[in-house]
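Have a look at the structure below before the remarks.
The values are calculated or read from the model by the stated rules, or taken from the named source; none is laboratory data. Quick caveat, the model's predicted, so the values are computed rather than measured. We place every Cβ from the backbone using ideal geometry, glycine too, and count neighbours over all the protein chains shown.
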Amino acid sequence: MNVYDLLPLIPGIPLAGFLVLALAGGRWRRGAVAAAGCGTVGLAALLTAVVAAAFLRAPPEGFAATRTLWTWVAAGDFAAEIGLHLDALSLLMIAVITGVGFLIHLYSAEFMAKEEGYSRYFAYLNLFVSAMLILVLADNLLLLLLGWEGVGLCSYLLIGFWYRDPANGAAARKAFVVTRVGDTALLAGLFVLYGKFGTLQIGQMLHAAPAVLGSGSAAAALVAALLLGGAIGKSAQLPLQTWLPDAMAGPSPVSALIHAATMVTAGVYLIARHHVFFELSPAILGVVGALGAATLLLAGFSALAQHDLKRVLAYSTISQIGYMFLALGAGAWTAAMFHFMTHAFFKALLFLAAGAVIHALAHEHDMFRMGGLRTRLPLAFWTFVAGSASLAALPLVTAGFYSKDLILFHAWTSPHGGPWLWAAGLAGAAVTALYTGRMVCLTFFGVAHTEVSHRPGVLMSGVMVVLAALSLLAGFVETPHTLGGVSVFSRFLGTALPAPAEPHAGAGAELALQVAASAAVLLGLGAAAYAYLRQPPWFRQLAASSAAAALHRLWSAGWGFDWLYDRLVVRPFVGLARINRGDVIDRLYAGLAWLCRTLHARLSETQNGLVRRYAMGIAAGAVIALAIVAFL
């Protein structure tokens, strides 16, 4: 059997796990539920490893393999198939999705052990992983849309998992509605693409795009803009970033899955997969980079003002996805995907380590109510520090340093980049280090404010250790020329994505850029340690000033986007709905409801317990039936 015949099983097995758990999991013991939920994703990860080994050892012809299962839709000239496409880009995606997803499932088996809805939780997780795998393996945009909407559905179900709290349901609805805005743009893009190409097969469209659309044309700009609209919704970029901080309502493993390996990276994948459309529209490509730069800075400053540990990480995710968009906008496709990979490791680790802390402190989220955990939760501390160091891009020893350094290098040297993009990325690096240092200092140092009720067990601890190792070591597959010039990752992805333009900077300039980035990181970390551990009098006076209080309110509220949308969109819409609730259509349904209630009241009067009337009713009914038969 050809090893690529296993490809449909990779999304198929987690989907089967969802079906089994949804139909029968409620009657199983928790051990069996965990075995089914973790085992299906683990088997998908194992199959991915087998396929990856074959792909690396003997790549298929054209460095891509396609498996078509059946025709899904056939209507006139339009046909869409259930077809899966594997190349270096989709292989990277499924490796991260199944690998990190499996670790999150293992962690969940312990973390959620005492929660209600255990089988429901694992069913949702399995469906989430399956939908994301379909999204990245789809060889046509209609199937990609199925996976795209699938992860949107699962995010709603998992964010609102603890649905008894109305706030959780509101957060789930917010995520669903806000991302629908971007999804509408993506759906419009599908119609435009079909109108231009007569097909939704991704490979065929990318091959024909230069001839059909032309470089710099209005059609190319429209297609790229609509795809970008879909991407910013799922990846929580400006101006559709407001749903992601509220998504922290879900359990911590859900946050790790959404932020690290699945939903928020879908937009990055969408742009990278359809890079040809963006290359044909330099203006929209510039917008991608500008949005990424603005998002990473605004979200970074918002992270500085949060008290909730998970909300800091949520704004951090928005900021780091901004780095990926910056790289995409600079035409550094490989650098964006390299940061996607390292971010998946260290952000999953940070959410899971944060979950261990929150779990140990009886669900306390406020960092100012933590403190002193360095010695009381040593494993959570050291793994959290490993993830934080990679997030802050601590030079030389972390994966985050190598991926972020590559982005900053291309932001400076790429023809699509420039000093402004590089400066935004550099400033973002300093802000990231500052809020990361603040997070570590408040959570693990200082005076203890809350007692530790219990410590993480073997499963949770083992998963955090594995992710900590990946957060430190994964970056060494791609190092700059000044540090060995390893290019394993870029050579691998170079078979699916175009190489960036030849850099115009020499070794000296590259070293200078690295020194500047490292200095920004060390300055941010040092400032955080000095301010939050030493707490000098001038810092306390500055924090108590009216200007600092105003900035804190602005950043804490996410720069007021929720306030703005509430007044520009939500309140007018609700007001119109209230005005319009008595229109003709509503009166029709209100009349039907009144008729049903009236008939019910009249018919209920016949159920009075008098047997004589029942007998008379039966006799009258029989006479009427016979009369109908006789005369009609």
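Just a few scattered comments:
- Flag for Thr71 being touching a helix residue (DSSP H, G or I) at 6+ places or on another chain (Cβ under 9 Å), surrounded by fewer than 22 Cβ atoms within 10 Å (Cβ to Cβ) and polar (S, T, N, Q): no
- For segment 156-169, the candidate set comprises residues that are free of Cβ contacts under 8 Å to residues at least 24 places away in the same chain and outside any loop (DSSP other than H, G, I, E, B); within that set, the residue that is farthest from Pro245 (Cα to Cα) is Pro166.
- Residue count for segment 478-493, restricted to those that are over 29 Å from the mean Cα position of the chain (by Cα) and on the phi < 0 side of the Ramachandran plot: 4
- Evaluation of Asp562 against (1) within 22 Å of Gln306 (Cα to Cα); (2) more than 26 Å from the chain's Cα centre (by Cα); (3) of a type in the set (D, E, K, R) (one fails), failing number: (2)
- Check on Ser414, among the polar types (S, T, N, Q), within 23 Å of Ala509 (Cα to Cα) and surrounded by 23 or more Cβ atoms within 10 Å (Cβ to Cβ): yes
- The residues on offer are Ala79, Ala44, Ala65, Ala32, and the sole one that is crowded, with 21+ Cβ neighbours inside 10 Å and modelled with pLDDT under 95 is Ala65.
- Hits in segment 367-398 (condition: hydrophobic (A, V, I, L, M, F, W, C), over 26 Å from the mean Cα position of the chain (by Cα) and surrounded by fewer than 20 Cβ atoms within 10 Å (Cβ to Cβ)): Phe368, Leu379, Leu396, Val397
- Residue check for Thr375: assigned to a helix (DSSP H, G or I), of a type in the set (S, T, N, Q), closer than 19 Å to Ala272 by Cα and free of Cβ contacts under 8 Å to residues at least 60 places away in the same chain: no
- Test: Ala362 is hydrophobic (A, V, I, L, M, F, W, C), over 17 Å from the mean Cα position of the chain (by Cα) and not in a loop (DSSP other than H, G, I, E, B): no
- Scan of segment 595-632 for residues that are over 57 Å from the mean Cα position of the chain (by Cα) and among the basic types (Lys, Arg), ordered by number: Arg612, Arg613
- Of the helices (runs of 4 or more DSSP H) lying entirely inside segment 174-246, those containing at least 2 residues that are crowded, with 18+ Cβ neighbours inside 10 Å and free of Cβ contacts under 8 Å to residues at least 60 places away in the same chain are 218-234.
- Of the candidates Ala113, Ala95, Ala131, the single residue that is within 30 Å of Ser461 (Cα to Cα), in contact with a Ser or Thr (Cβ under 9 Å, 6 or more places away or on another chain), surrounded by fewer than 20 Cβ atoms within 10 Å (Cβ to Cβ) and in contact (Cβ under 8 Å) with a residue 12 or more places away in the chain is Ala95.
- Residues that are within 30 Å of Val181 (Cα to Cα) and loosely packed, with under 10 Cβ neighbours inside 10 Å within segment 586-625 comprise just one, Tyr589.
- Candidates in segment 501-520 are the residues that are small (Gly, Ala, Ser) and in a loop (DSSP other than H, G, I, E, B); of these, the one that is modelled with the lowest pLDDT is Ala505.
- Residues considered: Phe338, Phe409, Phe325. Of these, the only one that is of a type outside the set (Val, Ile, Thr), in contact with a strand residue (DSSP E or B) (Cβ under 6 Å, 6 or more places away or on another chain) and either closer than 23 Å to Phe444 by Cα or surrounded by 24 or more Cβ atoms within 10 Å (Cβ to Cβ) (or both) is Phe338.
- Among the residues listed as Gly267, Gly289, the single one being crowded, with 24+ Cβ neighbours inside 10 Å and either among the hydroxyl-bearing types (Ser, Thr, Tyr) or under 19 Å from Gly189 (Cα atoms) (or both): Gly267
- Options Leu551, Leu576; residue that is of a type in the set (A, V, I, L, M, F, W, C) and either in contact (Cβ under 8 Å) with a residue 40 or more places away in the chain or surrounded by 12 or more Cβ atoms within 10 Å (Cβ to Cβ) (or both): Leu551
- Of all the listed residues (Gln306, Gln320), the sole one being outside any helix (DSSP H, G or I) and at negative phi is Gln306.
- Total residues in segment 521-546, condition in a loop (DSSP other than H, G, I, E, B) and within 18 Å of Val447 (Cβ to Cβ): 2
- Test: residue in segment 560-567 that is farther than 25 Å from Ser319 by Cβ and of a type in the set (A, V, I, L, M, F, W, C): no
- Annotation: His85 fulfils all but one of (1) under 23 Å from Phe338 (Cβ atoms); (2) assigned to a helix (DSSP H, G or I); the unmet one is (2).
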